[in-house]
Amino acid sequence: MPLVDHHVHGALRRDLTRAEFESSITESDRPVPAWISTFDSSLGFAVRRWCAPVLDLPPYADPSAYVERRRELGAAEVNRRFLGGAGVARFLVETGFRGEELLDPAGMAAAARAKADEVVRLETVAEELAGVAAADFAPRYAERLAERAGTAVGLKTVVAYRHGLDFDPARPSAREVTAAAGDWLRAGGGRLTDPVLLRHVIWAGVDSRLPLQVHTGFGDPDLRLHRADPLLLTGFLEQVEPTGVPVLLLHCYPYHRQAAYLAHAYPHVHFDVGLALNYVGAAASTVLAEALELAPYAKVLYSSDAWGPAELHYLGALLWRRAMSAVARAWAWPAGEAARVAEMMGSGNARRVYRLRES
């Protein structure tokens with residue numbers, strides 16, 4: 001069944017050493033200690049079990065042999081095998097984080113022989129405006145966002161990293177935005193963390209009418225996990241609701257049950273479990289089942305949230321399919337109903353929410 005990966009980043013363009021590969025299969029941003037191997041984790045075991053055969057190695061190949069085989073094949077061939085083998089018909093690629101190291105949407109499409117569209121990160125667009133006058137920040141941001149989002153299918157905010165989801169949900173006034181922009185610009189611009197400007201770019205995103213992705217839950221230590229609980233967005237979601245703009249809560253773990261409640265309660269809210277399935281490995285069916293306890297099935301989307309090694313794009317699809325099949329069996333769904341719901345979550349819901357056309 002072809003999938004639509006509604007939230008994903010590009011695959012790395014270059015070969016990796018073992019140390020680099022091990023650093024790329026953990027969400028920690030700290031150096032991997034010499035006494036530990038990230039291959040000794042749920043994700044590491046999943047790579048050895050499911051990815052090794054794609055590289056012509058036996059399941060559970062030795063990590064050193066695995067990395068050496070990757071380097072022998074080269075990044076382009078590794079990407080071709082894993083991206084092509086994922087069975088993804090369309091990637092919605094978020095390009096705002098270290099995009100220069102990764103395949104862009106066109107590169108992803110070529111490697112996977114699939115389609116790819118762009119999702120624009122709101123904060124990155126603002127950071128491109130360092131040097132404008134404070135009074136010009138808001139109109140220039142609107143112009144730049146319209147330009148960047150002209151061919152995009154969605155927008156994304158990483159306010160969970162820059163402040164936390166416990167932000168004031170109200171739209172800031174023009175005076176507040178100009179004052180905050182002045183402070184930010186005088187400090188040299190750079191990473192956007194000012195809460196007023198973050199609110200401004202998020203509401204500018206809502207005004208664009210494109211679907212809005214929001215990072216929630218699990219991530220690297222740049223965020224504070226207790227401030228990434230999607231329930232903290234309740235006030236914001238209620239203010240967005242009258243606009244009809246779809247809000248998509250990303251990955252959510254360990255708050256996937258909270259995200260399911262929000263999707264249950266609010267018609268414009270959708271969610272996924274994203275990269276959590278890769279990181280929990282063999283427990284993927286448990287996490288997916290918990291996410292589906294309360295959620296309307298029309299509100300759940302597939303994503304890998306893969307960034308970097310193409311193994312993560314491949315495993316995201318494989319583990320989601322296996323987890324979906326396991327849930328359907330455990331819950332005794334008839335085969336026809338299981339296939340119908342899997343198609344909804346795997347591609348149909350994304351095609352509807354993002355208004356994707358085949359051409």
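The values are calculated or read from the model by the stated rules, or taken from the named source; none is laboratory data. None of the values given here were measured: they were computed from a predicted structure. Cβ placement follows ideal geometry from the backbone for every residue including glycine, while neighbour counts extend to all protein chains displayed.
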*asked:* Please verify whether Met324 is touching a residue at least 40 places away in the same chain (Cβ under 8 Å) and surrounded by 18 or more Cβ atoms within 10 Å (Cβ to Cβ), treating the condition exactly as stated.
replied: no
Take Ser285 and tell me if it is crowded, with 22+ Cβ neighbours inside 10 Å and either assigned to a loop (DSSP other than H, G, I, E, B) or of a type outside the set (Val, Ile, Thr) (or both).
no
Item to complete: Could you check, for segment 267-281, whether at least one of its residues is modelled with pLDDT of 95 or more, under 21 Å from Val119 (Cα atoms), of a type outside the set (S, T, N, Q) and over 15 Å from the mean Cα position of the chain (by Cα)?
Response: yes
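Table: residues versus (1) under 17 Å from Ala306 (Cβ atoms); (2) modelled with pLDDT of 95 or more.
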| position | (1), (2) |
| --- | --- |
| Ser64 | no, yes |
| Glu68 | no, yes |
| Phe82 | yes, yes |
| Ala89 | yes, yes |
| Glu100 | no, no |
| Ala116 | yes, yes |
So, first residue among the basic types (Lys, Arg) in segment 138-151, second residue part of a helix (DSSP H, G or I) and modelled with pLDDT of 95 or more, Cβ within less than 6 Å, six or more apart or across chains; the pairs are Arg144/Val125; Arg148/Val125
Item to check | Residue within segment 209-228 that is of a type in the set (S, T, N, Q) and buried (at least 19 other Cβ atoms within 10 Å of the Cβ) present | outcome: yes
Across segment 8-53, the tally of residues that are within 26 Å of Leu248 (Cβ to Cβ) and either touching a His at 6+ places or on another chain (Cβ under 8 Å) or without any contact (Cβ under 8 Å) to a residue 40 or more places away in the chain (or both) stands at 3
Residue pairs qualifying under the 7 Å Cβ cut-off, at least six apart or on distinct chains, with the first in segment 339-359 being among the acidic types (Asp, Glu) and the second being modelled with pLDDT of 95 or more and surrounded by 13 or more Cβ atoms within 10 Å (Cβ to Cβ), are none
Screening Arg186, Arg175, Arg171 for residues that are surrounded by fewer than 23 Cβ atoms within 10 Å (Cβ to Cβ), basic (Lys, Arg), modelled with pLDDT under 95 and out of contact with any Cys (no Cβ under 9 Å at 6 or more places or on another chain) leaves only Arg186
Given (1) of a type outside the set (D, E, K, R); (2) free of Cβ contacts under 8 Å to residues at least 12 places away in the same chain; (3) over 30 Å from Tyr66 (Cβ atoms), Thr286 misses just (3)
Of the residues in segment 327-359 that are at pLDDT 95 or above and not in a helix (DSSP H, G or I), the one that is surrounded by the most Cβ atoms within 10 Å (Cβ to Cβ) is Tyr354
| task | With respect to Arg71, determine if the residue is in contact with a helix residue (DSSP H, G or I) (Cβ under 6 Å, 6 or more places away or on another chain) and touching a residue at least 12 places away in the same chain (Cβ under 8 Å). | result | no
Restricting attention to segment 150-168, the residues that are surrounded by 21 or more Cβ atoms within 10 Å (Cβ to Cβ) and small (Gly, Ala, Ser) number exactly 3
If you go through Leu250, Leu198, the only one that is under 18 Å from the mean Cα position of the chain (by Cα), crowded, with 21+ Cβ neighbours inside 10 Å and touching a residue at least 12 places away in the same chain (Cβ under 8 Å) is Leu250
Subset of segment 256-273, residues out of contact with any Phe, Trp or Tyr (no Cβ under 8 Å at 6 or more places or on another chain) and either more than 18 Å from His7 (Cα to Cα) or in a loop (DSSP other than H, G, I, E, B) (or both), comes to Arg257, Gln258, Tyr261, His264, Ala265, Tyr266, Pro267, His268
